[in-house]
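Taking it in order: structure first as structure tokens, then the write-up.
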Amino acid sequence: MPKYMLLLYADQPDEAEVQRREAAFPRWVELTQSLDEAGIRVAGDRLADVDVATTLRVRDGETEIVDGPFATTKEILGGYYILECGDLDEALKWAARAPIAEWGSVEVRPIVENPLDPANRPAAAQQAG
Amino acid sequence: MTEAGGGRRAGAVDPVAALARAFREERAGVLATLIRHVGDFQLAEDAVQDAFMAAVTAWERDGVPANPGGWLMVTARRRAIDRLRRERSVSDRVERLAELVRIDSQEHEMEDEDSAIEDDRLRLIFTCCHPALELPARVALTLRTLGGLGTREIARAFLVSEPTMGKRLVRAKRKIAEARIPYRVPPDEELPDRLRGVLSVVYLIFNEGYSAAEGDLLVRGELCSEAIRLGRLLCRLMPDDPEVLGLTALMLLHDARRGARVDPQGRYTPLDEQDRSLWDQGRIHEGTRMLERALRMRRPGKYQLQAAIAALHLEAPDADRTDWRQIALLYEALGRLSPSPVVEVNRAVAVGFADGPEAGLELLAPQLGDPRLEHYQPLHAAHAELLRRAGDAAEADRAYVRAIELSANSVERAELERRLEALRGGGARRRLG
């Protein structure tokens, strides 16, 4: 079964906006429950605020550690889901149910299947259903 | 690849003509079905290409088969099997091969049902027009797979280089495969939305051919024909949708005037000065009947309204006897259904004819105050016309100059310059609508 990552992006909210977003919390819980009932959620988490991010690079053997995100952008990655879906339309339908789509955006990216992973061999896939 | 697709009537049909006809009429159907069988756009396209290449020699040698579409289907499927055996990189290769071989062994009886091929074509349209593809890619892919247009022709029509267009097509096909854009007609709850998307792609193809004056006229005419062909196909596949009929009627009615819109010197001829004997009566008749069928379903939509407006223009014996009041009402309804400045400008023009230029100018006032429309050329062109007819030569002069500055289209600019010149010279040389 193909996997998709739903990357949940939004800009930094002001105070009034924080309240509105917090009000959507029950809908997040409901979405996660629905995904689990459908048996398609592989993973999914909310990320801590971007101001506690640390970025690391190795250049010419030198490790460089920087306080902060990889890139400073207006829209920040705030969480993700990994879902098993039959096709893009199914993934998009779930993406539309994420509350963040109403003030931010959801990027839907197919996950590349690793043919060496035993879970992706045809026989194993058939067994898994 | 010798025995495929039934009997022969050797020598009875000219193979070159038969091949050209098969390319026009059968290619999309064969491709659509093969895509469903192999699950891969690129592989299916290559195999169909192989089949046509094979037909060049086989039909010349053995005569044209009785069922060219069936012959091409079987040949393309076998070429796809050959390609799959060689290409180890395709995912689910083993399963796909097994499925293809199974279909091939069952022979073609079950496969050449026309309805199955029609369903496949509908799937193909919805996949090519999927909103997850960028709009130019949707347009190009639709023309490439459903129409018979080659990459070079599409590139020429859209004024980009052939490699650019090629890359666009490759990227779209790769996205369909990697992101798994489904190959199916959307379920009922998504259908209205997605169908609107399909119709707008078809109309965009038509307009690209109809309105722009740059580029190769021949290729542009082909875009109009392709869009109408797609519209007719959709009418056949979805006969109960009034907007599908409405759009096709609209394209037919516009296209009826194509020959009269440009004079032999390549100059644009406005509607009121066109030679009405050049209008294509066959298209007008077909478009009008289609529109009537749509209107009887009593579910109005923007394409039906626009087609009704086009029909009123065509029905009038001349420009002065056009039912402008009715046209103004239709624009009003259109503005309620899908509000846009374009519609408002057109409504003001219609009202200007129905109730006099002052009434038109009054309707135009809010648009003229809208800073977003400052660079909208048709607004200034319409403003100039209304001012001229209201007798305000000085203001009309300024509006013409502004419209000419904003005009990106040489034919249109020449027409505006002619009108401005006529205004400055007293306007007596040619009657202006």
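Here, each number is a calculation from the coordinates, and none is a lab measurement. Since the model is a prediction, treat every value here as computed from it, not as a measurement. When we count neighbours, we look across all protein chains shown, and the Cβ atoms used for this are built from the backbone with ideal geometry, even at glycine.
Across peptide A:79-88, what mean number of C-beta atoms from other chains lies inside 10 Å of a residue's C-beta?
Working: counts 0, 0, 0, 0, 0, 0, 1, 2, 6, 9.
The per-residue average across the peptide is 2.
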key: Residue order, fewest to most beta carbons within 10 Å, for B:THR145, A:THR73   = A:THR73, B:THR145
query = If you count, for every residue in B:168-181, the Cβ atoms of partner chains within 10 Å of its Cβ, what is the mean?
reply = 2
query = Most exposed first by the Cβ proxy, i.e. fewest other Cβ within 10 Å, how do B:TRP279, A:TRP103 rank?
reply = A:TRP103, B:TRP279
query = In what order do A:ASP11, B:ASP40 fall by count of nearby beta-carbon atoms within 10 Å, going from fewest to most?
reply = A:ASP11, B:ASP40
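Can you give the calculated 222 nm mean residue ellipticity of the protein assembly as shown, where each DSSP H run of n ≥ 4 adds -39,500 (n - 2.57) and the sum is split over every residue, rounded to the nearest 500 deg cm²/dmol?
The helix contribution divided over the protein assembly as shown gives -19000 deg cm²/dmol.
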ask   = Gain in length, A:ALA96 to A:VAL42, computed as 0.36 nm per residue apart minus the alpha-carbon separation, to one decimal in nm?
value = 17.6 nm
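Need one value for A:89-96: mean number of C-beta atoms belonging to other chains within 10 Å of its residues' C-beta atoms.
Working: counts 10, 2, 3, 6, 2, 0, 0, 0.
What the average comes to for A:89-96 is 3.
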key: Theoretical gain in end-to-end length, A:ARG109 to A:LEU56 [0.36 nm per residue, Cα-Cα removed]   = 16.7 nm
query = What nm value, rounded to one decimal, do you get for the distance between A:VAL66 and A:ALA16 when each label is placed 7 Å out toward the C-beta?
reply = 3.5 nm
remark   = Of all GluC sites (Glu not before Pro) in the range B:128-214, the ones in DSSP coil with at most 11 other Cβ atoms within 10 Å are B:GLU189, B:GLU214
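Just need the relative contact order of the range A:3-113 here, percent rounded to a whole number, with Cα pairs under 8 Å and 6+ apart.
Details: 160 pairs, mean separation 56.1, N = 111.
Worked out over the range A:3-113, it gives 51 percent.
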